[in-house]
1. Can you list the trypsin sites (Lys or Arg not before Pro) in the stretch A:9-103 that are in a DSSP coil and have 14 or fewer other beta carbons within 10 angstrom?
2. So for each of B:78-85, A:311-318, A:4-11, A:256-263 I average, over its residues, the number of other beta carbons within 10 Å; can you give me the resulting order with the highest mean first?
3. For chain A, what is the number of Lys pairs with C-alpha distance below 24 angstrom, counting only pairs 8 or more positions apart or on separate chains?
4. Taking a probe of 1.4 Å, how large is the accessible area per residue of the stretch B:46-240, in Å²?
5. Putting +1 on Lys and Arg Cβ atoms and -1 on Asp and Glu Cβ atoms, find which of B:L159, B:I208, B:A190 reaches farthest to the positive end of the dipole of the stretch B:155-212.
6. Rg over Rh of the protein assembly as shown, using C-alpha atoms and the Kirkwood radius, what does it come to?
7. Need the list of aspartates and glutamates near B:K68 for cross-linking: C-alpha distance under 20 angstrom, and skip anything on the same chain fewer than eight residues off.
8. If packing is taken as the average count of other Cβ atoms within 10 Å, what order do A:223-229, B:159-165 fall into, highest mean first?
Amino acid sequence: MKSIDFREIEGRSLGYYALLAFFGVLVLIGLAAAYYMETNGHHVTGMNNQIVWGMPHVFAVFLIVSASGVLNVASIASVFGRVMYKPLTRLSGLLAITLLIGGLCVLVLDLGKPDRLIVAMTIYNFKSIFAWNIFLYTGFIAVVAIYLWMMIERRMNVYTRPAGLLAFIWRLTLTTGTGSIFGFLIARQAYDSALLAPMFIIMSFAFGLAIFILYTMSAYSLTGRPLGDEILRRLKNLLGVFVASVLYFVLVYHLTNLYMTAHHDFEKFILLDGGVYTALFWIGQVLIGGVLPLVILYHPRLGHSRRMIALGAALVLVGAFCQIYVIIIGGQAFPLLLFPGKVVSSSFFDGVIGQYRPSLPEIALGIGGVAFALAMATFAIKILPFLPASLADADVDPHQTGTKATEAAHA
Amino acid sequence: MSIDRRQFLAVGGAVVASAALAPGMRLIELAQARSPDQAVSNLQRWGMLVDTTRCSEGCSACVTACNKENGLEQDIRLDIRPQWIRKVTLRDENTGYVQTLPMMCQHCEEPPCADVCPTGASFRRADGIVLVDRHICIGCRYCMMACPYKARSFVHENLTDQRAEIPRGKGTVEACNLCVHRVDEGRIPACVEACNADGGKALAFGDINDPASDIAKRLATQQSAEIRADLDLNTGVRYQGL
Ligand code: SF4
Ligand code: SF4
C-alpha cells in the first residue's frame, strides 16, 4: 500500500492567523481571570467552603479525561494494528499532549497558592493519589512525545509499536488515577463507588474521540484537504459504541447506588429532586450527551451527513461537560452524612445542599485552558507534519486491516 | 517522626515521675515536661471528650473562645467564613428529640486529609494533633474533599488582624489544631477552657494514652462514640450521649 504522506499545513492564510489570534485572546482572558482570582482570593468565585472545587475543576477534569481518551485513536492503530487508523495517529498523540497541558494549566491556576507549584513539584506525599497524578501527567506527556517521535522520525518507526503500547498502558493508568481522585473520597456518597475509575476510562474514550472527530473535520475542511467518508463512518460508529458504553456505566453506577440503602437519598437527589443537577443529569448528560448523539450517529440518513456527525460529536461534548459538572459539583453539593437519622443544622451549612453559582472568572479560566490546548495543536500542525495530506478513502485504504498491514505500513 | 533513645528515656522518665508525683494531674505536667527542643512523642495522644448531654442549644462559648484565640473574628461572608469549631443541632427524625454539640476536626488517627494531601502539608503530629503546615499548603483543597467531617475551611480572601502565633493566609486550608500553641505550653485548648468556665462543662481534654488521665479513665469506664465510626478512623475527639 501507499505510504502516508504527512505534511505540515500551510498556515499562511488570514483565516489561520485569525484563528490563532482568537485562541490567543481567549488564553489572555483566562490568564487575566486567574490573576484576578489569585490576587483577590477565591471569594470572587462561586466557590465556598461547601463547594470547594468549582468550574475550573470541571474544565480541567474534562480536558484531562479527554486527553487520555483522544490517544485512543493512535492506540487502535499502533497497539491493535488497525491500519485504517494509522494516518490519524500523529494528530491523536498531539491532541493528547495539548489537551493535557491545557487541563493542567487550569488546575494549577485554580490552586489557592499557584506560586507554590514548585512545592508541589518537589515535596511529595506518596500516599496521595494527587502526588501520583503529578507523575502520571508529566510522564504521560513524555511518553506520548516519545511515541510521536518514533512515528515521525523514519529511522525510529520500528519502535512505534512498543512506544504505542507504553503510551496505551500509561493512558489507562492516568485515567484510572484521575478517576481515583474521586474514588478516594469515601466519605462522600457520590464518590463511594468502585465503578468510578472504569467509568472515567470509558468516558475518556467517548469525550476524546468526539474532540478528535471535530478537530479533524475542522482542520480538513479549513485547509481544504480531502477527508473520506469511510474513515468518518468508522470514527462515528466507534463514537456511538463509546457513547452507549458511557450510558451503560452510568446506569450501572446508579443501579448499584440504589441497591445500597445508604445511598438512596443521594440517588434521589441526583435523579429526582436535585434541581439543576437533576436537570443537567437527565437533559444534559443522558438526553443531549447520550440519546440524541446515538440517534444521530446511527440514523440511516442523518448518520451520513457530515454536519450531523459533527453535531453528534458536539452534543457528546456538551453531555460530557454536564456529566462532569454533576459528578464534581453535584457530588459536593449533597451534604455529608454525619448523623444518620437526624436532621442536622449549623452555621457551617451542615445538612443543607451546597450552593454554587459559577462565576465569570472561573469560566473564563476554563475556556482559556481549552483555547490554549487548541492553539498549541493548531500551531504544531503548522510546524511539524502531523496531518496526512489526504484522508480520502483511496489514500487511507480501508480494505486492509490487521497487524500484517500495519507492519507493511511501518516498513 | 521517630524518637531517639534519649528522648524516649526522657519522656519515659517524665511519665514515671509524674505518675509517681501527681496522679490525675498528669496531662498538664507531661506537656510541660517536654522541653521545646524535644520531639513530640507518640507516647501521648491528645484527645477530647464531648458530653453532649451537658451541651445546651443556646450556648456557643466554645465557638466564641476559638474565634478569639485563633484570630478568626473577621467579618466574612458566612459561606466562606473559616469556622474551626461550630455548633451543630440534631433533631431526631422519628422522635423529634433535639440535641446540640460542637463539631471540629476530629483529629483522626488515620486522617484522610493527610492521606490525600499531595505535599504533605496536612499531617498528623506524633501526639495525635492533625495540622496544616501553612508554608507548604498549595491550596488544592483536596483535603476538604476528603475530610468526612467537613472540618476544614479555605481562606478565601486576604486576612488582616491575624494573631502572630497563629499563622494563617489566603489560599491555604485550615482547621482546628487543638490549640497546639497552648498545648505545647502545657495549657488546654481555648474551647475547653471556655466551656468549663462559661459553658456547660461539656468538654474535657487530655492524653488518652495515659491510663491515669481523667479523660482516659472516663473513656475506659463510660460509653462514648466516634462520629462515623464506620469509617474506622479512630478519632481523637469522641462524643457521649449521642
Ligand atoms: S477530622 Fe477531617 S481534618 Fe480532622 S483529621 Fe480527620 S480528616 Fe483530617
Ligand atoms: S489544600 Fe493544602 S493541606 Fe489541603 S490537601 Fe491541598 S496542599 Fe494539603
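The values are calculated or read from the model by the stated rules, or taken from the named source; none is laboratory data. None of these values were measured; they are calculated from a predicted model. For neighbour counting, all protein chains shown are included, and Cβ atoms are generated from backbone atoms with ideal geometry for every residue, glycine included. These area figures cover heavy atoms from the full protein model, side chains too; ligands, DNA and RNA do not enter into them. Shrake-Rupley method; radii C 1.70, N 1.55, O 1.52, S 1.80 Å.
1. Qualifying residues, ordered by number: A:R12.
2. A:311-318, B:78-85, A:4-11, A:256-263
3. 8
4. Result: 36 Å² per residue.
5. B:L159
6. Taking Rg over the Kirkwood Rh, I get 1.05.
7. B:D79, B:E157, B:D161, B:E165, B:E174, B:D184, B:E185, B:E193, B:D198
8. Per-residue mean Cβ counts within 10 Å order the peptides as A:223-229, B:159-165.
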